[in-house]
Amino acid sequence: MTRRFEGRVAVVFGAGSVGPGWGNGKAAAVQYARDGATVAAVDIVLDAAYETVGIIRGEGGAAEGWRCDVTKREEIRAVVDAVVAKWGRIDVLHNNVGLPAMGTTETLTEAEWDLAMDVNLKSVFLTCQAVIPHMVKQGKGAIVNISSIAAVRYTGYPYPAYYASKAGLNHLTASIALEYAKKGIRANAIMPGMMHTPHIEKAIVGQYASEAEMIEKRNALCPTGRMGTGWDIARAAAFLASDEAEYITGQVLAVDGGISIRC
């Protein structure tokens, strides 16, 4: 275990889990803490944030939990202001919140499209807008946005709003990286592939005849023969947010067992 974030504060939006087990955001929050960060665990479900906080504290780390709807500018700003008031800085901004919005181009409603764009894309703009001024004052900061391989390829699922919003997130990440490169702020994105997290039990299982079929078919799609886990994303995020990656910015890292490069 390293202490590469000793003395630093990481804010994780989407730090809870939608069910038992380790989601990407929950694992990332715990990984940052294990690497020495003080963690602000933020989630729309406060009890989910508190569960993550409890794990971190149980391991001897420091964390506090906040509730926030990331589609609401005022709620984001309230959390960011509270974190800065409590700890004086924000060194890592980790954006994990997202939803799939299942539905074809014919069946998806305008409201469902708008919600997907608000949650998957606009929320990152809003969190960055709230946090970046503090990073500018510090002269340093790292942003990690969780995208998806759906940003760059068709995955077989009927969710056009998800494809579009994640593609937009990749380009937003690049634009932020270039805009703030000379101010010491780095921004990178991670594209998870087929992951086995609590999220798929809620959002994806309905696309299959059973949970067992879903797991079997998703594993079979992966060149490695298995889906990834929240910890695969967490470890990649911790690297990108650390000084070990100080010359890496504006990049999109596929953490997908090779699926995005397979024809």
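Does Ile200 satisfy the condition of being open to solvent by less than 10 Å² (accessible area, probe 1.4 Å), under 23 Å from Asp118 (Cα atoms) and not basic (Lys, Arg)? Walk me through how you get there before you give the answer.
On the way: open to solvent by less than 10 Å² (accessible area, probe 1.4 Å): yes; under 23 Å from Asp118 (Cα atoms): yes; not basic (Lys, Arg): yes.
Yes; evaluated as a whole, the condition is true for this residue.
With the requirement that a residue be assigned to a loop (DSSP other than H, G, I, E, B), more than 28 Å from Arg73 (Cβ to Cβ) and open to solvent by 30 Å² or more (accessible area, probe 1.4 Å), what does the stretch 7-38 give you? Before you say what the answer is, go through the steps one by one.
Applying the first criterion (assigned to a loop (DSSP other than H, G, I, E, B)) to the stretch 7-38 yields 7-8, 14-23, 35-37.
With the extra rule that they be more than 28 Å from Arg73 (Cβ to Cβ), the set shrinks to 7, 19-22, 35-36.
Within the stretch 7-38, Gly7, Pro20, Gly21, Trp22 qualify.
So, in the stretch 240-261, of the ones that are open to solvent by less than 70 Å² (accessible area, probe 1.4 Å) and not aliphatic (A, V, I, L, M), which residue ends up nearest to Ile90 (Cα to Cα)?
Ser242
Conditions (1) without any contact (Cβ under 8 Å) to a residue 60 or more places away in the chain; (2) surrounded by fewer than 20 Cβ atoms within 10 Å (Cβ to Cβ); (3) of a type in the set (Ser, Thr, Tyr); (4) over 20 Å from Ile248 (Cα atoms), marked per residue:
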residue: Thr105; (1), (2), (3), (4): yes, yes, yes, yes
residue: Trp113; (1), (2), (3), (4): yes, yes, no, yes
residue: Ala116; (1), (2), (3), (4): yes, no, no, yes
residue: Met135; (1), (2), (3), (4): yes, no, no, no
residue: Lys140; (1), (2), (3), (4): yes, yes, no, no
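All but one of (1) within 26 Å of Ser260 (Cα to Cα); (2) small (Gly, Ala, Ser); (3) crowded, with 20+ Cβ neighbours inside 10 Å hold for Ala130, so report the exception by its number.
(1)
Quick one: in the stretch 61-83, which of the residues that are out of contact with any strand residue (DSSP E or B) (no Cβ under 6 Å at 6 or more places or on another chain) and among the small types (Gly, Ala, Ser) is surrounded by the most Cβ atoms within 10 Å (Cβ to Cβ)?
Gly61
Could you say whether any residue in the stretch 204-226 is hydroxyl-bearing (Ser, Thr, Tyr) and buried (at least 16 other Cβ atoms within 10 Å of the Cβ)? Reasoning before the result, please.
Filtering the stretch 204-226 for residues hydroxyl-bearing (Ser, Thr, Tyr) gives 208, 210, 224.
Keeping just the survivors that are buried (at least 16 other Cβ atoms within 10 Å of the Cβ) gives none.
The answer is no, given that none of the residues of the stretch 204-226 is hydroxyl-bearing (Ser, Thr, Tyr) and buried (at least 16 other Cβ atoms within 10 Å of the Cβ).
Just for the stretch 148-165: of the residues that are in contact with a strand residue (DSSP E or B) (Cβ under 9 Å, 6 or more places away or on another chain) and in contact (Cβ under 8 Å) with a residue 60 or more places away in the chain, which one is surrounded by the fewest Cβ atoms within 10 Å (Cβ to Cβ)?
Here is the first cut: in the stretch 148-165, the ones in contact with a strand residue (DSSP E or B) (Cβ under 9 Å, 6 or more places away or on another chain) are 148-152.
With the extra rule that they be in contact (Cβ under 8 Å) with a residue 60 or more places away in the chain, the set shrinks to 149, 151-152.
Details: Ile149: 20, Ala151: 22, Val152: 16.
Filtering the stretch 148-165 for residues that are in contact with a strand residue (DSSP E or B) (Cβ under 9 Å, 6 or more places away or on another chain) and in contact (Cβ under 8 Å) with a residue 60 or more places away in the chain, the one surrounded by the fewest Cβ atoms within 10 Å (Cβ to Cβ) comes out as Val152.
Starting from the stretch 201-222, take each residue that is within 13 Å of Ile259 (Cα to Cα) and list its partners that are open to solvent by less than 70 Å² (accessible area, probe 1.4 Å) and among the charged types (D, E, K, R), counting only C-beta distances under 6 angstrom and pairs at least six apart or across chains.
Pairs found: none.
Looking only at the stretch 40-60, filter to residues that are touching an Asp or Glu at 6+ places or on another chain (Cβ under 8 Å) and open to solvent by less than 10 Å² (accessible area, probe 1.4 Å); which one of those is nearest to Glu246 (Cα to Cα)?
Taking the stretch 40-60 as the starting set, the residues that turn out to be touching an Asp or Glu at 6+ places or on another chain (Cβ under 8 Å) are 40-41, 44, 49, 52-53.
Adding the requirement that they be open to solvent by less than 10 Å² (accessible area, probe 1.4 Å) leaves 40-41, 49, 52-53.
Working: Ala40: 23, Ala41: 24, Ala49: 29, Thr52: 28, Val53: 28 Å.
Top of the filtered list is Ala40.
Check the stretch 84-93 and report whether any residue there is buried (at least 17 other Cβ atoms within 10 Å of the Cβ), closer than 27 Å to Ala203 by Cβ and of a type in the set (D, E, K, R).
no
The values are calculated or read from the model by the stated rules, or taken from the named source; none is laboratory data. If you're wondering where the values come from, they're calculated on a predicted model, not measured in any experiment. For neighbour counting, all protein chains shown are included, and Cβ atoms are generated from backbone atoms with ideal geometry for every residue, glycine included. Ligands, DNA and RNA are excluded from the accessible area calculation, which covers all protein heavy atoms including side chains. Shrake-Rupley method; radii C 1.70, N 1.55, O 1.52, S 1.80 Å.
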